[in-house]
Every structure is written in structure tokens, then in C-alpha cells.
Amino acid sequence: MDHKVFKIDFSGLPQGMHEYSIELVDSFLDDYKLEDVFGLKATVNLVLEKKSTFLNLHFEIKGKVTLDCDLCTEKYQEKIAYKEMIVVKYGDPNGDDPEDVLFISQNDTFVDVRHFVFEFISISIPLKRIHKEIKDCNQENINFIHNFAHADQESEASDPRWEALKNLKF
């Protein structure tokens, strides 16, 4: 994916609102280490609000990604959506400023929003990755995983070294 689309040039823009739209595809994730996320298809709507001394960047991301289900290991599609605002100011950062403020030099003419977009996509992906409905999971895979886990427990129970430890009292 062409990285130029993420460099938002604000130097010649008049004060006011300016809208941008960026289409994201799977190749956007190639530079990042998200090995378990596939099939990205999303749209980033960005509104740049230019003021005399700062910029407001309003992000809205909507789309889908393909993930591996934690229960059955089959691939499924998950909707993603995220909204965020970043303030861009001129000057040097000092320790008391909030995290949602980006400081740039007076000589800068553009803001690269690529990393922000990646962070917002990462945040919008759920930690627990399962199908919306349990009936959509591959039941054969779930049974296989369940049986494999129980077979491993049974083999541990038959090991005589563990039997001696069970008799210890605390």
C-alpha cells in the first residue's frame, strides 16, 4: 500500500475543515507484526480541522478483518469500528501534556497518520476472538481440542511420580 496517502499535507490549507478518505486493504498490515489478522478491508474517514495555532485530527475507522476463532480455530470475519481525535500542536513536548497531543516542529508541512491508523485498528480488534454465535464454530474442531486436552490430563494421572505428590498434605 502506498504510504503517501497517510501523509496529510496541511501547509497550504486555509483554516477550517478538510476531509480525507483512505481505503485500507490487507497490504496495510504488511509492515506490522499482526500475524493473526487477515483480510483487512476498512475505510478511514479523517477530518482535519485547521486552526491558527493547532490542528485537530478526527478519525473514524469502519471495516472488517478476518481472525482465527479462539474456540474452534476457524477463520471468521469481525467488524471493526473506532473513533478518535488527536490534537497536533507546534512546539516541544513537556511531561505534563496528555497522550492525545502530537507535537510537531514549526517547519513541518505534513502529518503522517499511518501509525495512528494502525494503533486504532489494533485497539478495535477484540482480545477474545470468537464467532458471534457459538453455533457458527466448527464443532468437530472444538471436540477434537477438548478430547486432546482431556487425553493429556489422563496420561498425567497415570504417571506414578504424580501419584506420590497427591498424598502430600499442606
Candidate set: region 24-69, residues that are without any contact (Cβ under 8 Å) to a residue 24 or more places away in the chain and acidic (D, E); chosen: the one farthest from V5 (Cα to Cα): E35
Filter result (closer than 16 Å to F118 by Cα and open to solvent by less than 20 Å² (accessible area, probe 1.4 Å)) within region 68-86: I80, I86
Selection status of D30, part of a loop (DSSP other than H, G, I, E, B), at pLDDT below 95 and charged (D, E, K, R): no
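Could you tell me whether D112 is open to solvent by 50 Å² or more (accessible area, probe 1.4 Å) and in contact with a strand residue (DSSP E or B) (Cβ under 8 Å, 6 or more places away or on another chain)? Quick ask: steps written out before the conclusion?
Working: open to solvent by 50 Å² or more (accessible area, probe 1.4 Å): yes; in contact with a strand residue (DSSP E or B) (Cβ under 8 Å, 6 or more places away or on another chain): yes.
Answer is yes for this residue.
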Close pairs from region 6-23: first open to solvent by less than 70 Å² (accessible area, probe 1.4 Å), partner among the acidic types (D, E), Cβ under 6 Å, at least 6 apart: F6/D112
Considering residues of region 133-170 that are among the aromatic types (F, W, Y) and either at pLDDT below 75 or not in a helix (DSSP H, G or I) (or both) only, the residue least open to solvent (accessible area, probe 1.4 Å): W162
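The values are calculated or read from the model by the stated rules, or taken from the named source; none is laboratory data. Bear in mind the structure is a predicted one, so any value in this text is a computation, not a measurement. Glycine also receives a Cβ, built like all others from the backbone with ideal geometry; neighbour counts cover every protein chain displayed. Please note that ligands, DNA and RNA were not included when accessible areas were found on the heavy atoms of the full protein model with its side chains. Shrake-Rupley method; radii C 1.70, N 1.55, O 1.52, S 1.80 Å.
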